[in-house]
């Protein structure tokens with residue numbers, strides 16, 4: 001399905017078809033979460049920025065609860081700045097109880113997990129090491145300090161029948177979760193973020209000035225493409241299970257402070273075949289200078305120097321011995337710097353989607369390099385902006 005694939009890769013499949021079981025919802029985190037609701041469950045369709053401590057160490061966590069009750073989240077230790085993805089699962093022991101699995105390492109690597117209570121205003125519980133021998137307290141509260149942007153979550157999902165009204169017809173399930181500046185965000189900052197998103201989503205090429213209207217038009221194109229392309233593959237003598245497509249796009253926050261808003265967009269789809277495809281891309285938005293920072297703005301791209309640093313990080317991530325060639329464990333013999341990067345307070349992460357450097361089974365790969373190892377490559381303007 002060429003048209004659908006093109007839309008996905010362009011980041012435009014952030015929406016669902018508007019004429020079948022359509023559902024749209026909006027939720028907001030204001031600059032200050034209402035204290036009166038602090039003990040209530042975290043609202044569906046909401047973004048929260050938490051800060052506090054784990055084992056007494058300062059951390060920041062970003063969490064998005066989607067309209068189906070599932071979560072996208074990550075956190076980082078302030079001193080390290082390396083983002084750690086988390087997988088949040090509801091625990092049947094209590095209304096607000098959850099198990100939070102950290103996603104670190106590749107292969108059969110055991111990870112730490114949390115037993116925590118997540119509410120509208122706080123996360124409290126215990127952090128447990130992978131071997132169960134260490135336990136630390138978790139004490140986080142919602143906080144949007146000066147320089148952070150309040151965000152609104154807009155979500156939509158739909159199920160589109162290939163042949164409406166026909167029993168047993170294949171269908172396409174489509175969903176998106178989009179983060180937009182909330183109403184109480186700084187007006188100039190909000191305008192910059194919205195303009196950037198309009199460009200990223202291809203809305204300017206459709207002469208759309210409103211993101212939600214742009215999404216609705218993209219929805220219509222998806223619907224037409226699915227029915228046209230999948231319809232050509234339909235075989236009335238078979239079950240056509242491979243024509244049950246899906247497409248999803250979820251935005252999350254990586255960094256939201258000091259005038260930075262770093263966004264992650266994870267898109268996934270299935271269009272037939274052995275398995276679906278997915279991958280994440282990033283926007284490094286500087287609200288102070290109203291600028292989107294890209295790799296070439298951040299540093300001088302010295303291929304040899306960066307490849308050496310990336311190889312060191314990859315060997316650690318994939319547990320590859322120093323004397324073993326990368327190609328014996330990965331799909332490449334050398335790791336080149338790509339432009340899919342995101343910044344935090346202490347370093348830059350190079351992100352690789354499945355098949356880019358490693359097999360599909362390994363998933364996506366993040367290679368983090370601290371600024372201290374990039375000092376000779378970082379450009380003066382970026383150093384000044386990051387106060388390095």
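The values are calculated or read from the model by the stated rules, or taken from the named source; none is laboratory data. Note that the coordinates shown come from a computational prediction; the quantities given were computed from them, not determined experimentally. Heads up, the Cβs are rebuilt from the backbone with ideal geometry, glycines too, and the neighbour counts pull from every protein chain shown.
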When residues of the range 148-161 are filtered for being at pLDDT 95 or above and either in a loop (DSSP other than H, G, I, E, B) or in contact with a helix residue (DSSP H, G or I) (Cβ under 8 Å, 6 or more places away or on another chain) (or both), how many remain? 3
Under the condition of being outside any loop (DSSP other than H, G, I, E, B) and more than 22 Å from the chain's Cα centre (by Cα), which residue from the range 134-147 is surrounded by the fewest Cβ atoms within 10 Å (Cβ to Cβ)? 135
Of everything in the range 261-278 that's touching a helix residue (DSSP H, G or I) at 6+ places or on another chain (Cβ under 9 Å) and either under 21 Å from residue 76 (Cα atoms) or in the same structural domain as residue 76 (by TED's automatic domain parsing) (or both), which residue is modelled with the lowest pLDDT? 265
Over 18 Å from the mean Cα position of the chain (by Cα), outside the structural domain of residue 74 (by TED's automatic domain parsing) and under 20 Å from residue 283 (Cβ atoms) - does that describe any residue in the range 363-372? yes
Looking at the structure I just gave you, is residue 306 modelled with pLDDT of 95 or more, part of a loop (DSSP other than H, G, I, E, B) and more than 20 Å from the chain's Cα centre (by Cα)? no
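Within the range 358-365, is there a residue that is closer than 30 Å to residue 274 by Cα, part of a strand (DSSP E or B), touching a residue at least 12 places away in the same chain (Cβ under 8 Å) and touching a helix residue (DSSP H, G or I) at 6+ places or on another chain (Cβ under 7 Å)?
yes
Of the residues 46, 83, which single one is at pLDDT 90 or above and more than 30 Å from residue 134 (Cα to Cα)? First the steps, then the outcome.
Working: 83 fails: more than 30 Å from residue 134 (Cα to Cα).
So the residue among 46, 83 that is at pLDDT 90 or above and more than 30 Å from residue 134 (Cα to Cα) is 46.
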